[in-house]
Each structure stands twice: as C-alpha cells, then as structure tokens.
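Remarks on the structure that follows.
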Amino acid sequence: MGASPPPQRHLPIQRRLPRWPLRGLSPHLNPHALLGLGLCGLAWGVAMAPLRQPLEGALRVGALSFVLQGNEGEPSGPLQGFLALPLRSLTIKGQGDGAAGPPLLVPLSGQRLALTGGSSLILSATAPDSLGMRIALPPGTRIKNLQLEGKDQLVLDLIPPRQRASGQGVPPGAAAELTITPPITEASPGKAPAGGLQAVFQQPGRTTQQITPPQAEFRLPLAGPTRLRLQRADPKSQTVFESNLRVADVQFISEGSSLFDQSPITLSTLRAGTLHLGRQQPLSLRPDQFLRLDPPGIGMITSLRTDQGQLAVEVVGETARIRSGLSLRHPTTDLQGTLLTRQLSPDQISAFFGFLAGVISSLLTLLRRE
C-alpha cells in the first residue's frame, strides 16, 4: 500500500480572509484617526440627508387647479373672498348629472332653477355699464381648470368641499356664493327706469325661458359642482384675484383625450417660470414641462392675475425635492434640499465638501503609514 498523504495544514481563519481592504494597515490602528473618519462620515451623511427648504417662484401657466384652505391652513372656516370684477355676462352651469347627488339648484326670483343635464343660467348686462360680480368660497373648495378662453372669457370649475370628499350634498354654509350687482340705468323722461340686468334660463331641447332678475344687489348660493364662464367687461385690463390665498394640492396640468382611442392623457399647462429652493441655483422651467413637488409643496398663492392671455402666479411654500421634465414619469431635473442648501450658497457647499474630502484623505494616509 502506498504511503498516506501528509496531513494538510489548516491556516487560521483570519489568514484565509481577503487582505486587500486592510493591506498596508497596522493591526494596531490609531483610534483618533478612526474616530475622525467616523465623524467625517457622519457629517457627510447629515449634510446629504433630505430636508425641507423654503420654496418660492413666479410662474406663467395656461391653467391651474388648487384647493382653497382656511386662514390658518384649516380645511374649514368662513367664506373667503376669491374674485371681484366687472362683467358683460355671466354663465352658470352645473357640472353634476344628479346621479351621485342632488342637482345644482340656483334660487332666483322665487324659482329654484335646476342646472343639470346641460342647463345653464345666463346673466347679461343690457345697459352700457357692466354688472358687478364677487365670488366668495368656503375653505375646502377645489378651483379646477382656472383658465382664459379667447380674448375676453375666464372659465373656472368649483367643486364644494363636502361634494368633493363624499359625493353627497353640501350643507348650508359650505356652498360657494356669488354676489351680483346689476348695472345702473338712467330713467328716460316720461318712462320708468328699465332694468339693466337680463336673465335667461336655457335647457337643452326646450324653449329659452326669460326670467326677471332683481335690479338690486342679490346673492346666488352654489351648493354643487359648478362651471362659471365670465365675459370680462374690459379684456385688455388685468384680472386680479384675491392675494395671499392659502392653498393645497396645486396642479399645473389638464386632462385630455387621445385622438385615436380616446384614452385619457395628461398635459402640462406650464409655459415659463423660475423656482427658488433654499439657497440653490434657481430652476428655470421651459414650456410644457411637468412640475412635481414633495409634500407639503405650495402653501400660498401670493399673487394671481391674468397677463397677456396667460395666468401669472407667484407662490411660496416648502418642499424637500423638486422634479421637472417633459415627461411626468421620467423627470430630467431633480433638486434635493439638504441641511447645507438651506444654510449655505453653492460655492460655500463646494468648499465644505472639498475641506471634508481633504480631511478624509489625510486620515486615510495616516492609517496607511501606521
């Protein structure tokens, strides 16, 4: 029989481990250098951790939607002023069909007009002067698809808070309210003064109904989803909305349909603008880009007005991240807010990371020498 092979020598487990991570380092490492490396890593992680930043910007959009909040950011409270302007005509149309809840009923001259199924109420100024209109909204109301159409029309949809949340009717006090001031007319000699306001109730497939409206200031509650079409008295002048509106869920998008299969598509309404996040370089937005903000996002619209066929919007808020791009799902620009971007300028941030990298390099060199 042949000789048995010599027994194999088993190496200690620590010698079988790969040595390249610790190559050139002493088994007795400098604890001060290790502590320094740990502190540098901690500083780097804290500096790069996401942190909410102050946000402000000026945008130009074709349309926008948002939810109106209370004075203290609460979703409930008294009615708030939203818009007041002179008009040539006002068209009120219900957006619901009555299936999910009661139809929009508008009380006028002792009648309750059901604005559903395409029905509409049109108030027009017959006098040379314009009629006055003021809109007051309860907190929680969603203003949807606010936009300009043509040269002189402003269109917006109002969705009451309770209707938006549960699909049920809106109790008293939670409805939008229009205040209408008829035009002032002058009486002709020998004739009684004629009314300066005309009201027409239109129903599909039926004869137009003339209604005699009040000739003194009156109010119209809108306790349901409503579309308002406002024909401005002076299209060349700016329409200025109430300032410092507390808002939530601000969106610069509109919904459309495909030309082929009628499937829903999302379109951007952004046309231009600039956003400032902390002390980072301003972000310039291009036409048709999508804008996505991490919560809470835009919290106040400080200024909203019409300007050259578009809406000029100035906003403030708070967010930790801004993403933008021509694709809603694949943004090309990503701004991240951190502790450093909140306190330091871009040049100061570069200097900080340069100093930190130098300290780490020196500590690693010290460990290798040992």
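A short reminder: the numbers here are calculations on the coordinates, not readings from a lab. Fair warning: this is a prediction, and the values are worked out from it, not measured in the lab. Glycine gets a Cβ as well: all are built from the backbone with ideal geometry, and neighbour counts include every protein chain shown.
Points to keep in mind about this one:
- Packing rank of 203-211, 249-257, where each peptide gets the mean count of other beta carbons within 10 Å, highest leading: 249-257, 203-211
- Rounded if a/c under 1.5, otherwise prolate or oblate - the range 262-333, Cα gyration tensor axes: oblate
- Cβ-Cβ distance of Leu79 and Asn244, R₀ of 22 Å, FRET efficiency by 1/(1 + (r/R0)^6): the value works out to about 0.85.
- Across all Cα pairs in the range 237-370, the calculated P(r) in 5 Å bins from zero up to the longest distance comes to 2, 8, 13, 16, 16, 12, 9, 7, 5, 4, 3, 2, 2, 1, 0, 0 percent per bin.
- Extension gain, Glu149 back to Asp129 (0.36 nm per residue minus Cα-Cα distance, nm): 4.9 nm
- Summary value for the range 220-370: 19 percent relative contact order, contacts being C-alpha pairs under 8 angstrom separated by 6+ residues.
- Sorting the segments 51-60, 33-42, 221-230 by their residues' average number of neighbouring beta-carbon atoms within 10 angstrom, most packed first, yields 221-230, 51-60, 33-42.
- Residues Val359 and Asp307, FRET efficiency given R0 of 30 Å [Cβ-Cβ distance, rounded to 0.05]: 0.05
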